[in-house]
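Engineer: Mind having a look at this structure? Questions to follow.
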Amino acid sequence: MISKSINLININKKFNSVEVIKSFNLKINEGEFVTLLGPSGCGKTTLLRMIAGLEYVSSGEIFIGDENVTSVPPNKRDTSIMFQDYALFPHMNIEQNIGYGLKLKKLDKNTIKEKTSSWLKKIGLENYNNRMPYEISGGQRQRVALARSLIVEPGVLLLDEPLGALDANLRKTMQVELKKIHSEFGITFVYVTHDQEEALSMSSRIVLMNEGEIEQLSNPNELYDKPNTSFAAKFMGFSNIYSISDIQLLNSENIIKHLKEENTNLNKICFRSKDIEINPQKNGEFKIISKNYYGDLYKFQAINSNGLIINISSSDNKISNLEINSEVNLTIDNSKIISLQK
Amino acid sequence: MNNSKSILNNLLYILFFFIIFIIYLPIIVMIIFSFNSSKYQIMPFRDFTTEWYYRVINDTQYLEGLTNSLVVSFTVSLLATILAFFCAYSLVNSNFRGKSILNLFFLTPLVVPLILIGISLRFYLSAQGYEPSLYLVTIGQSIFVMPLAILNLSNRMSQIPKNLEEAAWSLGSSRIRSMFEIILPSCKFSLIATFILTFTFAFDEFIIAYFLNNFSITLPIKIWTSLVTGFDPAINAVGTLVFLTSLTLGLTAQLLFMKK
């Protein structure tokens, strides 16, 4: 299979008068696994549909490989899209579904038969060729949809929340499967999801989107460890995000020292709840106000005399004895505090 | 409390059957008299006979009317179903300014009095130099049943998920191809049902057929002329046959719509 690059140049998209994509620029290299991550309504699916040719761009240009495909219809683009609900053709059996793309390429019947049966084998459904889509399970449908998309050997595979309809266990298995298939075929994957864990576990790069713009573009561990903005931090699960004015409410030596060392144009800071050390102490600065159990960890909220609330989580057994109204002191390693641009 | 509720329920039940009975009473009377040996449509019921049915079957004029009606209705429903398929496809899949107004235009023949369609078509087509004939009846009745066909088919098509076709395009299918290979099979039952429904409507239609026709007769025209020229008990037999056929076809269409 020949993998293709994607280049999005200054894309704008308006639905009526609503701007859903704003001057979007992105270059995706051949063979990359790029995830478009963001909350619903951020424009990630629209962007994917524009790459597939299912949606017009209002302005801007799309290149797939060296070809400008901005006004090329979807059937003439070297892309294949896979939908969340799989969109299997209900009147065709599994074999016909998988072979449909080859039939369109006017391959002869024997070649189609050969290729589809090798794919049926690959996805572990070799005895299911005569079944109809409604006669197989969700996970099996998902694999059929994947085979149907990959059998035409596209340069780019576009995936629109393909695991969204599966249960949690199956989703984990399929994440591993998809990653394997990606490295096996080496074609470019563009993957849309709102699930940060999915994005982190599979992608080579993540495009975090917010209101039609790129919020942050980086590789997974960078995004996880060093978000640039409070939006990115929140999306990556940082539960403690504070502006400078919030921090004034903090008497804690440790954090204040860090802030004084930082330059003054800094807007906000954040830190993970698990990076805070809890020291139970009579007359401590903070008082515990909530405690929740999550299996492998406890989550607490602590408040100080100025009303500043800090979220803490811990898997330490000693800490689990803490009750509401216990008094504690909190410390944090300076290196765990991340400065945010906005 | 439960008791009064069940009494109310029973009353509604009785009312329901009473209304059904009133609606179907004339037809029931017609069916009964189609087996009555008396020449007049009056009680008491004389002897049981199937004579009128024999008369109808052996009457060349009824047969001619029936044949014409069958041919015209078949053509009309075929034409209307095919055109409506494309029409519904474009209505469901496009989004442009004024679409809802155009939609309304497609459906107006349903509310315009039939007699207006008949008269206007007659005047217009005569002015164009066309002689009234069964061909004109076919055109007129197609206009009459098209809205029904469009309604039925666009109703079904709007239930088909958009991304079925999108998946086909992304696999390399052209728009025309996906319309025939993805949408058409998904509308299979609705297409058959629409065909049957428009067939029964065209088969029963009288006004347009009467206005756009000179000498050929359709079954409804034949029935009407027999009534005008004096009562013929064979009408009851014809009516019964037509009613039973329409009922069967109508029920089949309903079942097919439910199957999607």
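The values are calculated or read from the model by the stated rules, or taken from the named source; none is laboratory data. What you are looking at is a predicted structure, and each value in this text was computed from that prediction instead of being measured. Counting neighbours? That spans all protein chains shown, and the Cβs are built from the backbone with ideal geometry, glycine included.
Engineer: Mind telling me which of the residues B:Ala209, B:Ala237 ends up being within 30 Å of B:Leu121 (Cα to Cα), away from chain A (no Cβ under 14 Å) and crowded, with 18+ Cβ neighbours inside 10 Å?
Structural biologist: Checking each option against the conditions leaves just B:Ala209.
To keep it simple, each residue is scored yes or no on (1) at pLDDT 85 or above; (2) part of a helix (DSSP H, G or I); (3) of a type in the set (A, V, I, L, M, F, W, C); (4) within 23 Å of the chain's Cα centre (by Cα).
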{"position": "B:Asn10", "(1), (2), (3), (4)": "yes, yes, no, no"}
{"position": "B:Ile14", "(1), (2), (3), (4)": "yes, yes, yes, no"}
{"position": "B:Ile22", "(1), (2), (3), (4)": "yes, yes, yes, yes"}
{"position": "B:Met30", "(1), (2), (3), (4)": "no, yes, yes, yes"}
{"position": "B:Gln41", "(1), (2), (3), (4)": "no, no, no, no"}
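Engineer: Something else about it: From B:Ile57, B:Ile101, B:Ile82, which residue is modelled with pLDDT of 90 or more, of a type outside the set (Phe, Trp, Tyr) and assigned to a helix (DSSP H, G or I)? Quick ask: steps written out before the conclusion?
Structural biologist: On the way: B:Ile57 fails: modelled with pLDDT of 90 or more; B:Ile101 fails: modelled with pLDDT of 90 or more.
B:Ile82 is the lone residue from the list that is modelled with pLDDT of 90 or more, of a type outside the set (Phe, Trp, Tyr) and assigned to a helix (DSSP H, G or I).
Engineer: Go through region A:16-55 residue by residue and tally those that are exposed (fewer than 15 other Cβ atoms within 10 Å of the Cβ), within 14 Å of chain B (Cβ to nearest Cβ) and in contact (Cβ under 8 Å) with a residue 24 or more places away in the chain.
Structural biologist: 0
Engineer: If you go through region B:108-117 one residue at a time, how many are part of a helix (DSSP H, G or I) and either touching an Asp or Glu at 6+ places or on another chain (Cβ under 8 Å) or exposed (fewer than 14 other Cβ atoms within 10 Å of the Cβ) (or both)?
Structural biologist: Number of matching residues: 5.
Engineer: Mind counting the residues in region A:325-334 that are surrounded by fewer than 17 Cβ atoms within 10 Å (Cβ to Cβ) and assigned to a strand (DSSP E or B)?
Structural biologist: 2
Engineer: Identify, by number, the condition in (1) among the β-branched types (Val, Ile, Thr); (2) within 14 Å of chain A (Cβ to nearest Cβ); (3) under 13 Å from the mean Cα position of the chain (by Cα) that B:Ile176 doesn't meet.
Structural biologist: Answer for B:Ile176: the failing condition is (3).
Engineer: Additional query: Is it true that some residue in region A:166-173 is within 29 Å of A:Gly41 (Cα to Cα), touching a Ser or Thr at 6+ places or on another chain (Cβ under 9 Å), in a helix (DSSP H, G or I) and touching a residue at least 60 places away in the same chain (Cβ under 8 Å)?
Structural biologist: no
Engineer: Do the conditions hold for A:Thr70, that is, is it among the β-branched types (Val, Ile, Thr), in a loop (DSSP other than H, G, I, E, B) and either at pLDDT 90 or above or surrounded by 19 or more Cβ atoms within 10 Å (Cβ to Cβ) (or both)?
Structural biologist: Numbers: among the β-branched types (Val, Ile, Thr): yes; in a loop (DSSP other than H, G, I, E, B): yes; either at pLDDT 90 or above or surrounded by 19 or more Cβ atoms within 10 Å (Cβ to Cβ) (or both): yes.
Here the answer is yes, as A:Thr70 does meet what is asked.
Engineer: Among what's in region B:179-206 and is modelled with pLDDT under 90 and outside any helix (DSSP H, G or I), pick the residue that is farthest from the other protein chains (Cβ to nearest Cβ).
Structural biologist: B:Phe206
Engineer: Scanning region A:89-101 for residues that are surrounded by fewer than 24 Cβ atoms within 10 Å (Cβ to Cβ) and facing another protein chain (nearest Cβ under 9 Å), which turns out farthest from A:Ile187 (Cα to Cα)?
Structural biologist: In this case the residue turns out to be A:His91.
Engineer: For region B:247-259, indicate whether the set of residues that are over 19 Å from the mean Cα position of the chain (by Cα) and without any contact (Cβ under 8 Å) to a residue 12 or more places away in the chain is non-empty. Working first, answer last.
Structural biologist: Of the residues in region B:247-259, the ones over 19 Å from the mean Cα position of the chain (by Cα) are B:259.
Still in the list and also without any contact (Cβ under 8 Å) to a residue 12 or more places away in the chain: none.
Looking through region B:247-259, none of the residues is over 19 Å from the mean Cα position of the chain (by Cα) and without any contact (Cβ under 8 Å) to a residue 12 or more places away in the chain.
Engineer: Given the criteria basic (Lys, Arg), within 14 Å of chain B (Cβ to nearest Cβ) and loosely packed, with under 14 Cβ neighbours inside 10 Å, does A:Lys76 qualify?
Structural biologist: Yes, satisfied.
Engineer: In region B:207-222, what residues are among the aromatic types (Phe, Trp, Tyr) and either under 27 Å from B:Leu256 (Cα atoms) or in a loop (DSSP other than H, G, I, E, B) (or both)?
Structural biologist: Within region B:207-222, B:Phe215 is the sole residue that qualifies.
Engineer: Can you find a residue that is in contact with an Asp or Glu (Cβ under 6 Å, 6 or more places away or on another chain) and under 20 Å from A:Met209 (Cβ atoms) anywhere in region A:50-60? Before you say what the answer is, go through the steps one by one.
Structural biologist: If we filter region A:50-60 for residues that are in contact with an Asp or Glu (Cβ under 6 Å, 6 or more places away or on another chain), which is where we start, we get A:54.
Those still in the list that are under 20 Å from A:Met209 (Cβ atoms) too: A:54.
Yes, region A:50-60 has at least one match.
Engineer: Can you tell me how many residues in region B:118-147 are surrounded by fewer than 19 Cβ atoms within 10 Å (Cβ to Cβ) and within 14 Å of the chain's Cα centre (by Cα)?
Structural biologist: Selection size over region B:118-147: 1.
Engineer: I'd like the residue in region A:309-324 that is under 20 Å from A:Asp246 (Cβ atoms) and not small (Gly, Ala, Ser) and, out of all such residues, is surrounded by the most Cβ atoms within 10 Å (Cβ to Cβ).
Structural biologist: Step one: list which residues in region A:309-324 are under 20 Å from A:Asp246 (Cβ atoms), which gives A:309-313.
From what's left, not small (Gly, Ala, Ser): A:309-312.
Numbers: A:Ile309: 15, A:Ile310: 21, A:Asn311: 18, A:Ile312: 25.
Among residues in region A:309-324 that are under 20 Å from A:Asp246 (Cβ atoms) and not small (Gly, Ala, Ser), the one surrounded by the most Cβ atoms within 10 Å (Cβ to Cβ) is A:Ile312.
Engineer: Which residues, counting only those in region B:8-36, are under 15 Å from B:Pro233 (Cβ atoms) and in contact with a helix residue (DSSP H, G or I) (Cβ under 7 Å, 6 or more places away or on another chain)?
Structural biologist: Going residue by residue through region B:8-36, those that are under 15 Å from B:Pro233 (Cβ atoms) are B:29-36.
Within region B:8-36, B:Met30, B:Ile31, B:Phe33, B:Ser34 qualify.
Engineer: Just checking, how many residues over region A:268-287 are within 27 Å of the chain's Cα centre (by Cα), buried (at least 18 other Cβ atoms within 10 Å of the Cβ) and not in a loop (DSSP other than H, G, I, E, B)?
Structural biologist: Looking only at that region, the number is 6.
For (1) modelled with pLDDT of 85 or more; (2) over 27 Å from A:Thr229 (Cα atoms), each residue gets a yes or a no:
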{"position": "A:Cys270", "(1), (2)": "yes, no"}
{"position": "A:Asp275", "(1), (2)": "yes, no"}
{"position": "A:Gln281", "(1), (2)": "no, yes"}
{"position": "A:Ile289", "(1), (2)": "yes, yes"}
{"position": "A:Gln301", "(1), (2)": "yes, no"}
{"position": "A:Gly307", "(1), (2)": "no, no"}
{"position": "A:Ser315", "(1), (2)": "no, yes"}
{"position": "A:Lys318", "(1), (2)": "no, yes"}
{"position": "A:Ile324", "(1), (2)": "yes, yes"}
